[in-house]
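Q: Structure below; questions to follow.
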Ligand SMILES: Cc1cc2nc3c(=O)[nH]c(=O)nc-3n(C[C@H](O)[C@H](O)[C@H](O)COP(=O)(O)OP(=O)(O)OC[C@H]3O[C@@H](n4cnc5c(N)ncnc54)[C@H](O)[C@@H]3O)c2cc1C
């Protein structure tokens, strides 16, 4: 007899959103998480008395009536979120090596006005660009949900290049860089990144970028509480070590190499390549599909330098800084391979207590191949040379940021770092990739995997399906849940929550 309706593998936002939704709609769910604690990239952790966030630094569309707000409302956690709206005059600042700084302001009118102040001759192009973002953002509004759809289409935009679309709308090379300047929030590849991904992320931030006061863990805890209150189980230290098939169905899931759990459905909220590796007795999914999924490129990995600041020394700024130096804002692997630093994204965490920052986070793209000497090592046992490497690299990152913030160094109390190996071993993402499968505009059908698999009761969800990030994962979760609940029913439930 099956104990659960649905087993969900992974407790990142993708897994938790799926469990909240299905348990809310009456299903008996069980979430299995390999780590100690829940949340994946949304987990916070403590070092030297400071709270540090694994992944989510800010999230868009969080004003009342906007789409992410609506998803959290439906999940039943909106009232528990401690959010802070970022600076409307410039939630993201694009900083270049010549000292020039350009804001991405919140609200389209302000967004356009601020950019036109800097590039008056480009007004028409800036307006056209804004309209285009809104056209794509409007595909997933609350009204669309209420009409019984999760999205009003728009997949044709996945076949457009972000780089080329921007270039077709504005001429000034610096303005092109400014519009593309937050592309570290996705793969940022000139020859691959799709305009759909660019527009979804930028639109959601322009309409309502917020950060989490005191870190993201309280969001995770709230989701776990709701799942449990709805009768679901959420288990940590429960690594799925096998997905066993009988004919074309999953018959049981193996946990920690010993326990067997059965369910009518299994939803994998981990990387699709890892999901395939877990299949046992598979006769359904063809070798060619394995090859295809394994060959899909993953986004860059990230090296994170956490600066734990001396109390009351470094003023909190309610915005993010993209420090681009003199480099072209678009990336190629060659720009960061060999431990080059092409840019730094600097985010600060508000503490809700005073006007100073406790934690400043510096994010830089990094290649897993640059960590070759330690590829076979495990967390905490990588050796002194690895610790020395991380410390040296962090110094270079701090030097880079200190060019823009001369007082930064003096305010640092402690430094903690997380390399792509850390992400690989904590979240199980192949290559430590930050955002999962690159959504390549040349071949969107190949790089956008569907929720349904050839195995009748196995489904996929999480950041690898559609767009990554908090919003992308929420939408993908709804798409996956709609396979079990029906699209119209679920969309209306979320839209009318
Ligand atoms: C450094 C960084 C910064 C980011 N900044 C932002 C941001 O500012 N805003 C934003 O919106 N997005 C941001 N993102 C992206 C965002 O965090 C992710 O897209 C999203 O959280 C992914 O959720 P997920 O559930 O798909 O995957 P994950 O969060 O990776 O969750 C997968 C979970 O599955 C577990 N797991 C893996 N294998 C197994 C197994 N065999 N058995 C059981 N459990 C398993 C993992 O331990 C993990 O907990 C950032 C990501 C990174 C890495």
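Every number here is computed from the coordinates shown, using simple stated rules; none is lab data. A quick note: this is a predicted structure, and the numbers were derived from the prediction, not measured. Note that each Cβ is placed from the backbone with ideal geometry, even for glycine, and that neighbours are counted across all protein chains shown.
Q: From the convex hull of the Cα coordinates of the range 392-456, what is the mean projected area in square nanometres?
A: 7.9 nm²
Q: What FRET efficiency do you get for residue 456 and residue 313 if R0 is 45 Å and r is their Cβ-Cβ distance, rounded to the nearest 0.05?
A: 0.15
Q: Would you list the P(r) distribution for the chain, with all Cα-Cα distances sorted into 10 Å bins from 0 and each bin expressed as a whole %?
A: Spelled out per bin, shortest first, that is 4, 20, 31, 28, 14, 3, 0.
Q: Let me ask something else. Taking every pair of alpha-carbon atoms in the range 168-307, give the share separated by more than 22 Å as a whole percent.
A: I get 63 percent for the Cα pairs in the range 168-307 exceeding 22 Å.
Q: May I pose another question? Report the per residue volume, in Å³, of the convex hull enclosing the C-alpha atoms of the range 69-125.
A: 121 Å³
Q: State the volume of the convex hull built on the alpha-carbon positions of the range 78-215, expressed per residue in Å³ and rounded to an integer.
A: Value for the range 78-215: 132 Å³ per residue.
Q: How many nm separate the modelled label positions at residue 236 and residue 249, each set 7 Å beyond the Cα in the direction of the Cβ?
A: 3.4 nm
Q: Beyond 13 Å, what share of the Cα-Cα pairs of the range 143-195 remains, rounded to the nearest whole percent?
A: 64 percent
Q: Explain nothing, just the number: relative contact order of the range 345-497, from Cα pairs under 8 Å at least 6 residues apart, as a whole percent.
A: Relative contact order for the range 345-497 comes out at 12 percent.
Q: For the range 226-368, what percent of Cα pairs sit more than 21 Å apart?
A: Tail of P(r) above 21 Å: 66 percent of Cα pairs.
Q: Hey, got the Cα dimensions of the range 1-99 along the principal axes, in Å, largest first?
A: Principal-axis extents of the Cα atoms in the range 1-99, largest first: 67, 37, 25 Å.
Q: Could you state the principal axis extents of the C-alpha atoms in the range 105-154, from the largest down, to the nearest angstrom?
A: 42, 18, 9
Q: Let me ask something additional. Quick one: angle between helix 384-402 and the longest Cα principal axis of the chain, in degrees between 0 and 90, rounded to 10, please.
A: So the helix axis and the longest Cα principal axis differ by about 50 degrees.
Q: Once all Cα-Cα distances of the range 337-452 are split into 5 Å bins that start at 0, what whole-number percent is in each one?
A: It works out to 2, 9, 16, 18, 17, 14, 11, 7, 4, 1, 0, in whole percents.
Q: OK, next. Provide 488, 207, 297, 165 in ascending order of the number of other Cβ atoms located within 10 Å of each residue's Cβ, fewest first.
A: 488, 297, 165, 207
Q: Given labels modelled 7 Å from the Cα in the Cβ direction, how far is it in nm from residue 414 to residue 497?
A: For the pair residue 414/residue 497, the computed spacing is 3.6 nm.
Q: Next up: Can you pull the semi-axes for the range 436-477, root of five times each eigenvalue of the Cα gyration tensor, sorted largest first, whole Å?
A: Ellipsoid half-lengths, sorted descending, are 17, 15, 6 Å.
Q: Now, a different point. For the range 219-290, treating each Cα as an identical point scatterer without solvent, what Debye log10 I(q)/I(0) comes out at q = 0.18, 0.22, 0.23, 0.24 1/Å?
A: Evaluating at q = 0.18, 0.22, 0.23, 0.24 Å⁻¹ gives log10 I(q)/I(0) of -0.80, -1.06, -1.11, -1.17.
Q: Rounding to the nearest 10 and keeping the result within 0 to 90°, find how far the Cα-based axis of helix 123-137 lies from the longest principal axis of the chain.
A: Between the helix axis and the principal axis of the chain, the angle is about 20 degrees.
Q: Run through every distinct alpha carbon pair of the range 419-497 and return the Kirkwood hydrodynamic radius in angstroms, one decimal place.
A: 14.0 Å
Q: If each residue's Cβ is checked for other Cβ atoms within 10 Å, how do 46, 280, 184 rank with the fewest at the top?
A: Ordered by Cβ neighbours within 10 Å, fewest first: 46, 280, 184.
Q: Calculate the FRET efficiency for residue 80 and residue 25 from the Cβ-Cβ distance with a Förster distance of 22 Å, rounded to the nearest 0.05.
A: That gives a FRET efficiency of 0.60.
Q: May I ask you to sort 253, 446 by Cβ crowding, counting other Cβ atoms within 10 Å and putting the fewest first?
A: So the ranking, lowest neighbour count to highest, is 446, 253.
Q: Please compute the Kirkwood hydrodynamic radius of the range 261-334 from all pairs of different C-alpha atoms, in Å with one decimal.
A: With all distinct Cα pairs of the range 261-334 included, I get 18.0 Å.
Q: Turning to a different aspect of this structure: If you average the sequence gap of Cα pairs under 8 Å that are 6 or more apart and divide by the length of the range 107-250, what percent do you get for the contact order?
A: Relative contact order here is 24 percent.
Q: Quick one: of the DSSP bridges fully inside the chain, what percent are antiparallel, nearest 5?
A: Antiparallel bridges: around 70 percent, rounded to the nearest 5.
Q: When only Cα pairs under 8 Å and 6 or more residues apart are kept, what is the percent relative contact order across the chain?
A: It rounds to 23 percent for the chain.
Q: In the range 1-152, what percentage of the DSSP-assigned beta bridges are antiparallel, given to the nearest 5?
A: Percent antiparallel among DSSP bridges in the range 1-152 is about 60.
Q: Continuing with this model, one more query. What do you get for the angle between helix 195-208 and the principal long axis of the chain? Use alpha-carbon atoms, 0 to 90 degrees, nearest ten.
A: That helix lies at roughly 70 degrees to the long axis.
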